[in-house]
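Structure, as structure tokens:
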Amino acid sequence: MSTSSSSESELADLPESPDTTGAYPRLSDEQIMLLSQFGKRRTLTKGTMLFCAGDRDCGLFVVLDGRVRVVQEDGPEGEPRVIAVHGRGRFVGDLSILTGQAVYVTAVAQTDVEVLEVPYDRLKEAVTQDQALGDLILRAFILRRTIHADLGAGLRIIGSRYSANTRLLRDFASRNRIPCRWEDVEEDPEAEETLRAFGIPPDQTPVVIWKGHTVLRNPSTTELADLIGLRAAPHRAAYDLVVVGAGPGGLAAAVYAASEGLSTVVLDALATGGQAATSSQIENYLGFPAGISGAELADRAVVQARKFGAVFSIPGEATSLTRADGYHLVGLAEGDPLIAHAVLVATGVRYRRLDVPGADRLEGGSVYYAATEFEARLCRQDPVTVVGGGNSAGQAACFLARQSPVVNLVIRHDDLGRDMSRYLADRVEQSPRIKVWRNSEVGELIGENTLEQVLVRHLHSGQEHRVATTALFVMIGAAPHTGWLQGAIPLDAKGFILTGSESGAGADGCDGMFETRRPGVFAVGDVRSGSVKRVASAVGEGSVSIRHVHEFLEAEGRR
């Protein structure tokens, strides 16, 4: 695979890229024959664009003859960079085809070519006839997205590592699996040159550059989402179901609701996948013996829900829940309220901040609440510290240890297996790169502009150690995201949503275990009082809850 800038004459002779990871599989003659029933053959001359970065509603292209190259239009040196070349039997496309976003790369005919173009709606029909084909295409698209992210083949985010707004954009891109390249104005000379070329003063950073010429100055996450198609505009006056929260529980509910004919819209203030999407490897989820990353699990669920007609609006922050004229109204931070017959809350929990000296000062650039590929790239080859004793902390430590020479894991007790799955605790113990600090806490963050050390204090002896670290990953506690529901539905003493008999709903004739005291409002997953805080449990609750939603709608005469 060539990733360097080349002249047009050199590009014309590039060979097909080898498939070393499964990202570029070749279709069988039988699979091509099946797809040909749902697509249209096209003959294109050399240099013709099949699709361009920024295009939406693209189809899948199967190369029947000739070669097609996929390029990043705005490469590191400002020139197109070749990502892959596909020959006969290969298919050209991007995960965005399945998620409804804009594509991040451009595909161009390297030679005269014959291709089979299959539109998205027709592709959905085709894969129902061959499950293996659908799995092959989806898996390849997910792997390609990872390749694009590693290469920075997408957006450019330019800003200071000390800027809270820069951090917000970086986190949003990371959590939504948006390929991007971050350029730090504090260290990268090219970043300063780019800002000068566009005439952008420092007080208008961070900036997002898209396709080399579209520039957003200090944009909000909403503006960024609109640019790439993450936010779908509501297309109904009232939905059957509004799902608030796109973690495992919310995604499962969306799949089952949409597949059973309910008009469904899904909101999330940040990204699809919830906390689970930050897990590098979930190894105890049924059906995936080799494990699956939280991000892939989320992407698969989004594709599945969209296939059945669910609509996603990211970011979509719910701010209130009221009633009017027999409908539920979900107020939003931006835009008009969404109107629904039923509402399912799956907003999950958020990690608590570490309240110690130095945390406020270094929060923006050195403290993280997720450990994804993006964060791992930022602290590659540097010592890091993880705070927390649950599965998320264990998964983060193991994941970061792949690249960081030293990973310090700080827990407040002496039994690693107390709150962590046994297989994961064993893996942490066996890793030569992970040092476990038992019966300890982080007492201070030390450094001027960036984190240099953490002060680890033993809880019993009081002994303190200064531990070198450049990044701190905080995964402690679980605060339910229910502030927007205060006064709307009953919550327990810790802020979790009461459902079923615990909510006192019997007086209103509600006996469903996922329904709140307000008829037609349901809660599933980590945000529900008494729930088991596991991905599989949330998925189960989300799927089962739809039966209760149906029963409510039928009783109300809505179905």
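The values are calculated or read from the model by the stated rules, or taken from the named source; none is laboratory data. Fair warning: this is a prediction, and the values are worked out from it, not measured in the lab. All Cβ positions, even for glycine, are placed from backbone atoms using ideal geometry, and neighbour counts span all protein chains on display. Keep in mind that these areas ignore ligands, DNA and RNA; they rest on the heavy atoms of the full protein, side chains included. Shrake-Rupley method; radii C 1.70, N 1.55, O 1.52, S 1.80 Å.
A compact table of results
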item: Span from the region 145-184 Cα centroid across to the region 264-313 one, whole angstrom; result: 20 Å
item: Estimated distance in nm for a label pair at ASN439 and GLU556, the labels positioned 7 Å out from Cα along Cα-to-Cβ; result: 5.5 nm
item: Assigned charges on the beta-carbon of Lys, Arg, Asp, Glu; region 204-310 dipole about Cα centre (debye); result: 300 debye
item: Relative contact order (%) - the chain, alpha-carbon pairs under 8 angstrom, separation at least six; result: 11 percent
item: Peptide ranges 120-127, 256-263 listed from the most packed, as the mean C-beta count within 10 angstrom indicates; result: 256-263, 120-127
item: Computed over region 350-464, Cα set: Rg, Dmax in Å; result: 13.5, 39
item: Low-density loop positions, GluC sites (Glu not before Pro), region 154-244 - DSSP coil, at most 11 other Cβ in 10 Å; result: GLU187
item: Segment ARG402-ARG422, extension gain: residue separation times 0.36 nm, minus the distance between their alpha carbons; result: 5.2 nm
item: 15 Å beta-carbon shell around THR43, net charge (K/R +1, D/E -1); result: +2
item: Distant-in-sequence amide H partners of VAL311 (H built 1.01 Å from N, under 5 Å); result: THR264, VAL265, VAL266
item: Cβ crowding within 10 Å averaged over residues, with 513-520, 43-50, 409-416 ranked highest first; result: 513-520, 409-416, 43-50
item: Sites LEU459 and GLU192 - FRET efficiency at Förster radius 41 Å, r taken between beta-carbons, to 0.05; result: 0.30
item: Region 271-397, Cα convex hull volume normalised per residue, Å³; result: 169 Å³
item: Region 405-472: antiparallel DSSP beta bridges as a percent of all, rounded to 5; result: 75 percent
item: Antiparallel content of DSSP bridges confined to the chain, in %, to 5; result: 60 percent
item: Across LYS124/LYS494; LYS307/LYS494; LYS211/LYS533; LYS46/LYS124; LYS124/LYS533; LYS46/LYS307, pairs whose alpha-carbon gap is larger than 32 Å; result: LYS124/LYS494; LYS307/LYS494; LYS211/LYS533; LYS124/LYS533; LYS46/LYS307
item: Region 141-230 pair-distance distribution - Cα-Cα, 5 Å bins, rounded %; result: 3, 14, 28, 27, 18, 8, 2, 0
item: Probe 1.4 Å, accessible area per residue of the chain, Å²; result: 42 Å²
item: Carbon plus sulfur fraction of accessible area for the chain, probe 1.4 Å, in percent; result: 47 percent
item: Protection-proxy order for peptides 475-486, 101-112, each taking the mean of Cβ atoms within 10 Å per residue, highest first; result: 101-112, 475-486
item: Debye intensity ratio in log₁₀ form over the Cα atoms of region 79-180, taken at each q of 0.11, 0.16, 0.21, 0.24 Å⁻¹; result: -0.44, -0.82, -1.21, -1.42
item: The chain: DSSP helices with Cα axial extent of at least 27 Å and average Kyte-Doolittle hydropathy no lower than 0.5; result: 131-151
item: Equivalent ellipsoid semi-axes, the chain, via Cα gyration tensor eigenvalues times 5, rooted, Å; result: 38, 33, 22
item: Given charges at beta-carbon only (K, R positive; D, E negative), |dipole| of the chain in Debye; result: 780 debye
